[in-house]
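So the structure is just underneath, and the comments pick up after that.
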């Protein structure tokens with residue numbers, strides 16, 4: 001079986017495989033993860049109870065200053081956006097490098 005591609009086949013593959021914009025991916029992943037952490041914290045605060053957010057509060061081991069409080073919810077949004085944005089940018093960067101190697 002012949003595994004070599006003709007130049008016309010390479011052009012078709014190059015146009016079919018889209019590259020990701022790392023900045024857009026970072027913004028969308030950052031907003032999604034930051035919003036998710038904000039929503040989880042606010043949900044627990046509104047729900048209330050004797051021991052609010054006993055599992056979510058464990059994030060303070062990784063996110064200094066975070067707590068299941070109203071100010072902590074907004075700090076959690078910042079941290080979530082930072083971590084999610086960094087992860088989104090890294091995923092797009094790695095994907096684009098793999099696409100560049102395969103062309």
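What to note about this one:
- Condition met for residue 66 (free of Cβ contacts under 8 Å to residues at least 60 places away in the same chain, within 24 Å of residue 28 (Cβ to Cβ) and in contact with a helix residue (DSSP H, G or I) (Cβ under 7 Å, 6 or more places away or on another chain)): yes
- Test for residue 52: is it modelled with pLDDT of 95 or more, over 30 Å from residue 9 (Cα atoms), surrounded by fewer than 19 Cβ atoms within 10 Å (Cβ to Cβ) and in contact with a helix residue (DSSP H, G or I) (Cβ under 8 Å, 6 or more places away or on another chain): no
- Residue match in segment 10-20 (condition: in a helix (DSSP H, G or I) and modelled with pLDDT of 80 or more): no
- Among the candidates 35, 76, residue that is touching a residue at least 24 places away in the same chain (Cβ under 8 Å), under 30 Å from residue 18 (Cβ atoms) and surrounded by 14 or more Cβ atoms within 10 Å (Cβ to Cβ): 35
- Residues of segment 24-65 satisfying the condition of being more than 17 Å from residue 85 (Cβ to Cβ) and assigned to a loop (DSSP other than H, G, I, E, B): 48, 49, 50, 51, 52, 53, 54, 55, 64, 65
- Which numbered condition residue 41 misses (of (1) touching a residue at least 24 places away in the same chain (Cβ under 8 Å); (2) over 30 Å from residue 12 (Cα atoms); (3) more than 14 Å from the chain's Cα centre (by Cα); (4) surrounded by fewer than 19 Cβ atoms within 10 Å (Cβ to Cβ)): (4)
- Subset of segment 83-96 [without any contact (Cβ under 8 Å) to a residue 60 or more places away in the chain and loosely packed, with under 15 Cβ neighbours inside 10 Å]: 90, 94
The values are calculated or read from the model by the stated rules, or taken from the named source; none is laboratory data. Note that the structure is a prediction, hence the values are computed from the model and not measured. Using ideal geometry, Cβ is built from the backbone for each residue, glycine included, and neighbour counts are taken over all protein chains shown.
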